[in-house]
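The values are calculated or read from the model by the stated rules, or taken from the named source; none is laboratory data. Keep in mind it's a predicted model, so treat the numbers as computed, not measured. Glycine also receives a Cβ, built like all others from the backbone with ideal geometry; neighbour counts cover every protein chain displayed. To get the accessible areas, we keep the full protein, side chains included, count just its heavy atoms, and leave off ligands, DNA and RNA. Shrake-Rupley method; radii C 1.70, N 1.55, O 1.52, S 1.80 Å.
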Amino acid sequence: MIKLHDKFFKPYLKEEQILAAIDKMAKEIAADYKDETPLFVGVLNGAFMFVADFLKAYQHPCEVSFVRLSSYQGLTSTGIVETLLDVPDEMEGKSVIILEDVVDTGRTLKQLVHLFNNTNVKEFKIGTLFYKSDVYNGEYTIDYVGLEIPDHFIVGYGLDYNELGRNLREVYQLNQTDMINLVLFGKPGAGKGTQAGFLKEKYNLKHISTGDVFRYNIKNGTELGNLAKSYIDKGDLVPDEVTIDMLKAEVEKNPDAAGFIFDGFPRTAAQAEALDNFLESKDMKVNATIALEAEDDILVERLLERGKSSGRSDDQDETKIRNRFDEYNEKTAPLKAYYEEQGKFHSVNGIGEIDEITKRLSKVIDSL
Ligand code: AMP
């Protein structure tokens, strides 16, 4: 496994497999063109390594040139293809064979065909080392293919992830572990925030605490903050519509996350249903809901202690704390049944040493 920027990639194609595919392509093209002097046009940047090895395998008269296009940003094709280096001059009457590193959606091809349509070449063919037939739009015929591959994000052998990985001799594929989305459940003071801090590191998850997002907005005097403040100060729940929209926006901000820890959300039946529907629309789901259990008296003690240093007004007054427990018992506790019905509810003893509790939580997560 290798790491490029923030992502892990696993070996996919060995150098010999790639070179064998190139050799096969060179033979096919030679059968059609060895009696002419074709012009091979490599598509930069990705095809530089392929073109070099291809030319070593194609030992017949030929010319070579390059065009430069760009359409990838990060892991997805942006759809906008820019021409950075235009077609070579002097192509009149020549047989041109495009050498692409990879054809996927076909957007880059469209641009290439457009570029060459305005020239007076004799013939125009397309060859690609890698071909993702599942996602190709089929607009133009691909004349020569090295290897047909599934729609995986690949790097190496000229292909990059945000410019890294081009110099790898082999091809690697993005290691897509299944997403884990956790709901941390429990009364105020149960230790959700503390445990989420450890779990997000251990499992590479994005931690979303709705309470933290509200406090951040209050501190910065945003419209959302002003709206939420009166509820939070009393220990009441902020209305569902506001909280649900905010939660969605937080998830949308992290499209590359390997998973989420939802801390303090959902707190009502409407929120739980909204979360399920929202995740489903993104082909995601809640994998587990883990409740940290502790008795009220211990929690009140913890919260009052926290209130001394955190400055949180809702942690400094026992009446407000008890009101938060009432809100929990009335609106949040029924969610236990909601998740039990889905077979996703797990309960963990929230009393003990912090690292001991992390171990209890990890045991549940590792069993998923
Ligand atoms: P917390 O930090 O999770 O204890 O949240 C502090 C306060 O923020 C709560 O008492 C509520 O007023 C508000 N809040 C946080 N999450 C939610 C939620 N999911 N729904 C409604 N209000 C929330």
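Considering each residue of segment 154-190, count those that are part of a loop (DSSP other than H, G, I, E, B) and either open to solvent by 30 Å² or more (accessible area, probe 1.4 Å) or within 29 Å of residue 323 (Cα to Cα) (or both), and give that number.
Let us first name the residues in segment 154-190 that are part of a loop (DSSP other than H, G, I, E, B), namely 157-158, 160, 162-163, 165-170, 175-179, 186-190.
Filter again for either open to solvent by 30 Å² or more (accessible area, probe 1.4 Å) or within 29 Å of residue 323 (Cα to Cα) (or both), leaving 160, 162-163, 166-170, 175-179, 186-190.
Count: 18.
Working carefully through the options 276, 245, 297, 233, find the one that is part of a helix (DSSP H, G or I), acidic (Asp, Glu) and under 22 Å from residue 340 (Cβ atoms).
Residue meeting the stated conditions: 276.
Please verify whether residue 281 is open to solvent by 60 Å² or more (accessible area, probe 1.4 Å), in contact with a strand residue (DSSP E or B) (Cβ under 8 Å, 6 or more places away or on another chain) and more than 15 Å from the ligand (Cβ to nearest atom), treating the condition exactly as stated.
Taking the combined requirement at face value, the residue does not satisfy it.
Could you check residue 222 against (1) surrounded by 15 or more Cβ atoms within 10 Å (Cβ to Cβ); (2) more than 12 Å from the ligand (Cβ to nearest atom) and say which number it fails?
(1)
Yes/no matrix, rows are residues, columns are (1) at pLDDT 95 or above; (2) within 12 Å of the ligand (Cβ to nearest atom); (3) out of contact with any Ser or Thr (no Cβ under 6 Å at 6 or more places or on another chain):
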position: 215; (1), (2), (3): yes, yes, yes
position: 218; (1), (2), (3): yes, yes, yes
position: 229; (1), (2), (3): yes, yes, yes
position: 234; (1), (2), (3): no, yes, yes
position: 242; (1), (2), (3): yes, yes, yes
position: 252; (1), (2), (3): no, no, yes
position: 256; (1), (2), (3): no, no, yes
position: 260; (1), (2), (3): yes, no, yes
position: 264; (1), (2), (3): yes, yes, no
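Give me the pairs, please: first residue somewhere in segment 335-354 and in contact (Cβ under 8 Å) with a residue 12 or more places away in the chain and open to solvent by 40 Å² or more (accessible area, probe 1.4 Å), second residue anywhere and of a type in the set (A, V, I, L, M) and in a strand (DSSP E or B), beta-carbon distance under 6 Å, and either six or more positions apart or on two chains.
346/288; 346/290; 347/291
Of everything in segment 252-273, what is under 18 Å from residue 199 (Cβ atoms), not β-branched (Val, Ile, Thr) and not in a loop (DSSP other than H, G, I, E, B)? Give them in sequence order.
Selection gives 259, 260, 262, 263.
Hey, can you tell me all the residues within segment 195-213 that are touching a residue at least 60 places away in the same chain (Cβ under 8 Å) and either near the ligand (Cβ under 8 Å from one of its atoms) or in contact with a Ser or Thr (Cβ under 9 Å, 6 or more places away or on another chain) (or both)?
Within segment 195-213, 195, 196, 198, 199, 202, 203 qualify.
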